[in-house]
Every structure is written in structure tokens, then in C-alpha cells.
Amino acid sequence: MVSLFLLKSPLWTEAKASLRLALPLMLIQLSEGAVNFVDTVMMGGLGSSTLAAGGLGATAFWMLFFLCAGLLEMTGAIAAEAHGAQDPYRVSRINVQGLWLSFAVSMPLMVLMWHLDIVFRLFGQNPAIIDGAMAYLRAILWGLPAALGGFVFKEILTALSRPGLVVALMVLSLPLNVILNYGLANGQWGLPQLGLAGIGWASTLVFWFSFSAAVVCLKRQPSLRRLGLLRRWWRCDRAILQEIIHLGWPLCVDYGTETGAFTAAALLMGLWSTELLAAHRIVMTTTELLLMFSWGFAYAAAMRTGHKIGANDPRAARRVAQANLLMNLLLVVILSIPLWVLPQTIAGFYLDVSLPDNRETVEIAANLFKVGVVFQISQGIRLISAGTLQGLKDTHLLATVDVVVHWGLGVGLGYVVGQVLGLQGMGLWWCLALGQVVAAIVLTRRFQHLIAARISG
């Protein structure tokens, strides 16, 4: 009787609805994360020093990518609210303005990426590491506009509960990325042997393939063409553009703060030793890949919260948050078990553990994975809370919280513990994990307060 009641409860009904949306979003996020994972594995195949250099370049690229993505993130939440209010014309205008904004912000960042070697030198990085990082960056930067344009498509189609196209393109892109990565890095199948630069060029080609294919499908495929997402693409809607920027800039600061802190952490690791930098890249790539499941729930929470708020139903919005928090917490705990039990086995995916030159890096990574468990669980909770706040169109607190937890607790305290107290990588990672714990608590309390206020008021 109790089981039957639970299966018919509104919370269970919401959990099923959220899961239907979250599952394809997880596939999308996993495919996106797999690009970074494949790049890292291919770098590890070229040696631990190459992994360290490529890891530094990849960290810098994704920091700047997510800086832009934060500005564009609210296109999905705004479109979800418009969709909930049954306003397809507004959804189309949001998509077009998001695309124009993505191309506009990518141009200056591409110039910045080209000259990041100056920044690396200022932070005392090894010259050989800098050369490798720049070879990778100066290849992958050409894919930034397409990557951001694809990000906007993902946000809008998710808001419309139509993520199928994005899933299909991501699934097709993954094997293409593997083939191009291996071929261009190692000079196989008649392709030039470009090393780290080849890995960067492979990602650039995949970004443009996915974006171009999405445009063709939106223009040619009948069911997608009826959405009219590219209608009057040449027109500027200043009101919508201003709304995207107004709501998106705090997320831009939020994402830039978070990824900037992780970049600073990588620079600190590189300052201490090449082995620490390589180990840091292994652990960070693994946790980021596993957190793609949490990102799927976070996007579902953001979009379904936006739908419920657009329909003026805050009680349903509270059930959205509760359902996604519970499902994600269960999943993230399960996914953390291998990090605790099999750390050296996981490190073996990136480096040949039998080679003496790699043994120190593998040992460091195995120890960092234990801290990575705390980091991953806390980050998973934080992502759902942040997604719910996006659905509520409350983004300004996110920036403030992330500045404090990532730079104050994470990098700031991490520098003191790592450099001054001499704990180096382990001390830095414990401080990064502490920052995620504090952020998870604060943001969860924030969305609970906002939803309660809407219900009572």
C-alpha cells in the first residue's frame, strides 16, 4: 500500500518527468565531457610531460569557454519560461540573439587565447610546458565560435524539451573526435603528425561539424523547421539581448570564477612540479566527466523550474528541486565509489602505469582521488541548487558565493595550506573540496527560501 502511494505521489510523478528530460541531457553532457576526456587520454598516450602541457592548455581553453557559456546560459531559462507561457515567437528571438551574442564574445577571447603564453610565463611555468600548451591552444581556439553556437542550440532545444537533435549530433561527434584525435596526434591514415596541436585541431573540426549539422537540421528537417528557431536571423532584438546579458553576466562571473579558480589551481600545481600538474589533470578530468550526470539533472531542474514558474505554480517548482536533488545525490554517491576503491586503475586509463616515469604521477593521482570523492558529491549538490536558481531567474547570488568559495576558500586558503604549510597538491584539493561543501549549503538554502516565499506570497 505504501509503495503504491509513493508511485502515485506528486513527487514521484515529477521525478519521472524530470528523469525523462535529464537522461538525454546526460547523454549530451557526457558527449561534451567525452571530448575533454578523449583529449586527455590522447595526451597521456604521448607521455606524462605532454599530459601536463596539454592539460594546462585545455584548462585555459575550457575556462574561457565557460566564461562565455555563463553569459549565454540564461537563454535556456528565459526560453523555458516563454515556452511555458506558449510564446514560440519569443523563443525564436531568444535563440537568434543568443547566437549573435555567442559569436560576438568569442572573437576577443580568441585573441586572448593566442597570447596566453605571456600569462603562463608570468606564473613561472616550465618553458617546455608552455610550448606544448600553446600548440594545443592555437589549434583549438578556432573552434570556439562553433562550440558556443552549439551551446546556445542545446539551451534552446532543452528548454523546448526537444534535446533529440543535440543528442544525435553528440553521439556522432564522439567517434569522429576519437578518430581525428588519434590520426592527427600520431600521423595515422595519411594525416600529418601534429602531436598536441593535432589534438586541438581535432576538437576544432568536431565543433564545426556539430554546429553546421545543427543549422542544416533546423533548416531542413520538417519537425524542427516548424519551430522557426532561425526565423529572421539577421534582426537584432535589443530588449531580449539586454535581458540575456542582464541575467547572464552573474553566471558569466560565476563560471569564470569557478573555472578561473581551477585554472589557478593548475598553475599552482605546475609551479610545484610537472607530476603534480599531470595528476591534477587526471583527477579533474575524471571528476568533471562523472559530474556530467549531475549536469543533466541540473539542466532538467533549471528548465522544469522555469516551466512551473512560467505557469505560476511554485509548489510544483519545489517538487522539481526536491526530485532532482534526491535522484542526483543517489547517483553521485554511487559514481564516487570507483574513485575511492580503484584510483590507480582509473589513473591507468590516462598513463601507462608500468612505465617508471609515470609512477609518481599515478601515485599522486591515486591520493587526490580520495579528496575527489568529497569534491564530487558536494559539487553535484551545488549544481542542482544552481540550476534551480537559474529556473527562478535568481542568478546574482551565484557570482558572490562562487567568488568567496572558489577564490577565498579554494585557491586562497589552498595556497596557504599548499605553499606555506607545505602540503602542496593534497592541501590545495582539500580546500577546493571545502569550497564546494560551503557553496552547496548556501545555494540550497537560497532556493528553498525563494520558493517558500513564492508559495506564501
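Coordinate-derived values only; no laboratory data. Remember, it's a predicted structure, so these values are computed and weren't measured experimentally. Because the Cβ atoms are built from the backbone with ideal geometry, glycine has one as well, and the counts that use them run over all protein chains shown.
Observations on the structure shown:
- Based on C-alpha pairs under 8 angstrom that are at least 6 apart in sequence, the stretch 2-456 has a relative contact order of 23 percent.
- Distance in nm between pseudo-label sites at SER456 and TRP249 (7 Å out along the Cβ direction from Cα): 3.2 nm
- The stretch 52-161: chymotrypsin sites (Phe, Trp or Tyr not before Pro) in DSSP coil with no more than 16 other Cβ atoms inside 10 Å: PHE123
- Degrees, to the nearest 10: 196-220 long Cα axis against longest axis of the chain: 20 degrees
- From least to most packed, judged by other beta carbons within 10 angstrom and beginning with the fewest, THR388, THR345, THR50 follow the order THR345, THR50, THR388.
- Annotation for LEU122 and LEU11: the two label points, set 7 Å from Cα along the Cα-Cβ direction, are 5.0 nm apart.
- Largest first and in whole Å, the equivalent-ellipsoid semi-axes of the chain read 35, 27, 20, each the square root of five times a Cα gyration tensor eigenvalue.
- Sequence of VAL404, VAL105 once ranked by neighbouring C-beta atoms within 10 Å, starting from the fewest: VAL404, VAL105
- Only Lys, Arg, Asp and Glu carry charge here, each on its Cβ (+1 for the first two, -1 for the last two); on that basis the stretch 2-456 has a dipole of about 1900 debye about its Cα centre.
- Sorted by Cβ neighbour density within 10 Å, fewest at the top, the residues TYR182, TYR299, TYR255: TYR182, TYR255, TYR299
- From its DSSP helices (H runs of at least four residues, each -39,500 (n - 2.57)), the chain gives a residue-normalised ellipticity at 222 nm of -28000 deg cm²/dmol.
- Binned Cα-Cα distance frequencies in the stretch 306-457 - 10 Å width, integer %: 11, 30, 29, 18, 9, 2, 0
- Residue by residue, the stretch 306-311 carries 3J(HN,Hα) couplings of x, 4, 5, 5, x, 8 Hz when phi is fed to the Karplus relation 6.51 cos²θ - 1.76 cosθ + 1.60 (θ = phi - 60°); x denotes Gly or Pro.
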